[in-house]
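Peer 1: Following this message is one structure expressed as structure tokens.
The values are calculated or read from the model by the stated rules, or taken from the named source; none is laboratory data. Keep in mind the model is a prediction, meaning the values are calculated, not measured. For neighbour counting, all protein chains shown are included, and Cβ atoms are generated from backbone atoms with ideal geometry for every residue, glycine included.
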Ligand SMILES: [Ca+2]
Ligand SMILES: [Ca+2]
Ligand SMILES: [Ca+2]
Ligand SMILES: [Ca+2]
């Protein structure tokens, strides 16, 4: 029997609602996992130091490349597609924000650790992340991020500001779909005005989380290019390699909104400790669906005060910022999964989509 005691999880939180690039990279470490990332949406497939150019478990590869794909209709008619899929040369995002473009030179990866001193350097540096739109806890409720130890006790108190640190460690960045048409793999796809706040975080709050890295995407149509983006699909994309990629198998589990990659034989690199990788949607985007999540009494297609809610959606923002409860809505779940064989001489190689 093959032992597959180890399960690695990547959980995705979603919420919908060019010039010279300033590339910043970070090797996110959590127990036995390492995940190199950059500030334009690339997960795993980015060089930092020798042997960091993949997501690794106990120094051995588990994911070669990961990112996402988005598609939809702009202004009800124009079909667009973009994404970050390095193995297919789709790299359609650049560091920075449409809404706060005057601060694009600050658009790097901001790292917060639970072990950082309260009000220390990482909390002060977060001021620049806030300029680019990052969340913070506004303890004194003045609308500004000003991390000051008001009572000088060396500790954070609830009436003092703090950054949006989730779990043990948080790495935040923002990027936008500003790569021009001529530099894209999808030749007819133009920037449509999407910006994405990406938060990679990890926690040790329980044992299973020691093998888990979370990725939260906050995807926004800024309205700067397209008034309306409709029928939008978001896909997690991943090119996993459990050690040697040729014997990897793939599947999905609709009950837990997850895709996974596994082996039925020992991997020649991991041997008896061959892991499985599970990529799970932990919190889908909020959606209001007439007739499903609310009864639309006034028939305007919008959930408003005269309507009857049928369900509740949630936006979990961590232990400090808490959770929003959104009545009349639902968190969307995984609706499809596919694996993909891009090159005929590869066998059993799989993608999550
Ligand atoms: Ca404040
Ligand atoms: Ca204090
Ligand atoms: Ca393998
Ligand atoms: Ca209504």
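Peer 1: Considering region 182-222 alone, what residues qualify as being assigned to a loop (DSSP other than H, G, I, E, B) and out of contact with any strand residue (DSSP E or B) (no Cβ under 9 Å at 6 or more places or on another chain)? Full working, then the answer.
Peer 2: Taking region 182-222 first, the residues assigned to a loop (DSSP other than H, G, I, E, B) are 184-193, 203-206, 222.
Across region 182-222, the qualifying residues are 187, 206.
Every residue, every condition in (1) within 30 Å of residue 249 (Cα to Cα); (2) more than 18 Å from the chain's Cα centre (by Cα), yes or no:
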| position | (1), (2) |
| --- | --- |
| 46 | yes, no |
| 55 | yes, no |
| 60 | yes, yes |
| 64 | yes, no |
| 68 | yes, no |
| 75 | no, yes |
| 78 | no, yes |
| 83 | yes, no |
| 103 | no, yes |
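Peer 1: Can you find even one residue in region 41-50 that is closer than 30 Å to residue 204 by Cα and out of contact with any strand residue (DSSP E or B) (no Cβ under 8 Å at 6 or more places or on another chain)? Before the answer, list the steps.
Peer 2: Quick first cut of region 41-50, residues closer than 30 Å to residue 204 by Cα only: 41-50.
Checking which are out of contact with any strand residue (DSSP E or B) (no Cβ under 8 Å at 6 or more places or on another chain) leaves us with 50.
Yes, there is a match, as at least one residue in region 41-50 is closer than 30 Å to residue 204 by Cα and out of contact with any strand residue (DSSP E or B) (no Cβ under 8 Å at 6 or more places or on another chain).
Peer 1: Another question, if that's okay. Only one of 133, 139, 167 is within 19 Å of residue 221 (Cα to Cα) and at pLDDT 95 or above. Can you tell me which?
Peer 2: Working: 139 fails: within 19 Å of residue 221 (Cα to Cα); 167 fails: within 19 Å of residue 221 (Cα to Cα).
The match here is 133.
Peer 1: Do we have any residue at all in region 192-202 that's surrounded by fewer than 19 Cβ atoms within 10 Å (Cβ to Cβ) and away from ligand 4 (no atom under 16 Å from the Cβ)? Break it down into steps so the answer makes sense when it comes.
Peer 2: First, the residues of region 192-202 that are surrounded by fewer than 19 Cβ atoms within 10 Å (Cβ to Cβ): none.
Checked region 192-202: no residue is surrounded by fewer than 19 Cβ atoms within 10 Å (Cβ to Cβ) and away from ligand 4 (no atom under 16 Å from the Cβ).
Peer 1: Residues in region 175-183: is at least one under 21 Å from the mean Cα position of the chain (by Cα) and closer than 13 Å to residue 197 by Cβ? Give the steps one after another, and end with the answer.
Peer 2: Of the residues in region 175-183, the ones under 21 Å from the mean Cα position of the chain (by Cα) are 175-179.
Filter again for closer than 13 Å to residue 197 by Cβ, leaving 175-176.
Checked against the condition, which is being under 21 Å from the mean Cα position of the chain (by Cα) and closer than 13 Å to residue 197 by Cβ, region 175-183 yields at least one hit.
Peer 1: Any residue in region 157-164 that is more than 16 Å from ligand 4 (Cβ to nearest atom), surrounded by 14 or more Cβ atoms within 10 Å (Cβ to Cβ), over 24 Å from residue 199 (Cβ atoms) and over 26 Å from the mean Cα position of the chain (by Cα)? Let's see the steps before the verdict.
Peer 2: So in region 157-164, the residues more than 16 Å from ligand 4 (Cβ to nearest atom) come out as 157-164.
Still in the running and surrounded by 14 or more Cβ atoms within 10 Å (Cβ to Cβ): 160-164.
Going one step further and asking which of them are over 24 Å from residue 199 (Cβ atoms), we end up with none.
No, region 157-164 has no match at all.
Peer 1: Which residue, of 175, 233, is surrounded by 12 or more Cβ atoms within 10 Å (Cβ to Cβ), out of contact with any helix residue (DSSP H, G or I) (no Cβ under 7 Å at 6 or more places or on another chain) and within 16 Å of residue 41 (Cβ to Cβ)?
Peer 2: Only one candidate passes the filter, namely 175.
Peer 1: Which is modelled with pLDDT under 95, outside the structural domain of residue 232 (by TED's automatic domain parsing) and either surrounded by 15 or more Cβ atoms within 10 Å (Cβ to Cβ) or more than 16 Å from ligand 1 (Cβ to nearest atom) (or both), of 311, 305? Explain how you work it out, then say what you get.
Peer 2: Values: 311 fails: modelled with pLDDT under 95.
Going through 311, 305 in turn, just one is modelled with pLDDT under 95, outside the structural domain of residue 232 (by TED's automatic domain parsing) and either surrounded by 15 or more Cβ atoms within 10 Å (Cβ to Cβ) or more than 16 Å from ligand 1 (Cβ to nearest atom) (or both): 305.
Peer 1: Taking the stated definitions as given, is residue 82 modelled with pLDDT of 95 or more and part of a strand (DSSP E or B)?
Peer 2: On the way: modelled with pLDDT of 95 or more: yes; part of a strand (DSSP E or B): yes.
Yes; evaluated as a whole, the condition is true for this residue.
Peer 1: Related question: Taking only region 111-144 into account, find how many residues are surrounded by 14 or more Cβ atoms within 10 Å (Cβ to Cβ), away from ligand 2 (no atom under 16 Å from the Cβ) and in a loop (DSSP other than H, G, I, E, B).
Peer 2: Number of matching residues: 4.
Peer 1: Another question about this same structure. Among the numbered conditions (1) in the same structural domain as residue 183 (by TED's automatic domain parsing); (2) in a loop (DSSP other than H, G, I, E, B); (3) at pLDDT below 95, tell me where residue 2 comes up short.
Peer 2: (1)
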